[in-house]
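The values are calculated or read from the model by the stated rules, or taken from the named source; none is laboratory data. If you're wondering where the values come from, they're calculated on a predicted model, not measured in any experiment. Here the Cβ positions follow ideal geometry from the backbone for every residue, glycine too, while neighbour counts run over all protein chains shown.
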């Protein structure tokens, strides 16, 4: 006799017939996992899609993060040389670039691992906002946010 494999439709965890709830996410398994509603049979779970374009987004955000941090730190030496008014602008720009770079690095890690969609998208938004002093960087950041949001199904959580 061939036993059907059942998977939780919410998280994809393999279920045994005796599991009343998914051991990972708690979705009820009312015994209909093998043909009705609730946790589905092997044909009902679709794992996250592995889309290579998300890898490209992860690489671009990694490069942006490293570049922004390097430029931001490079501006610190200019702050001490510049006059007070220009120094304040440089300080704001430097801080924004460093923060943008840090948020970009988090975005890159989450996009590459395809985990924590909400953290990924919010870090991308924050990275874009921090780079608003550079309009081009802000626009590119918003485009990357849309790329990530269009690939939401690729994320595990």
Quick one: is residue 94 at pLDDT below 85 and surrounded by fewer than 19 Cβ atoms within 10 Å (Cβ to Cβ)?
no
Candidates 54, 105, 66 - the one that is crowded, with 17+ Cβ neighbours inside 10 Å and either modelled with pLDDT of 85 or more or not in a helix (DSSP H, G or I) (or both)
105
Positions within the stretch 108-121 being surrounded by fewer than 18 Cβ atoms within 10 Å (Cβ to Cβ) and within 23 Å of residue 71 (Cβ to Cβ), in sequence order
112
What are the residue pairs meeting all of these: first residue in the stretch 138-154, first residue touching a residue at least 12 places away in the same chain (Cβ under 8 Å) and at positive phi, second residue assigned to a helix (DSSP H, G or I) and loosely packed, with under 13 Cβ neighbours inside 10 Å, Cβ atoms under 8 Å, and 6 or more apart or on different chains?
none
Residue 73 being at pLDDT 55 or above, outside any strand (DSSP E or B) and touching a helix residue (DSSP H, G or I) at 6+ places or on another chain (Cβ under 8 Å)
yes
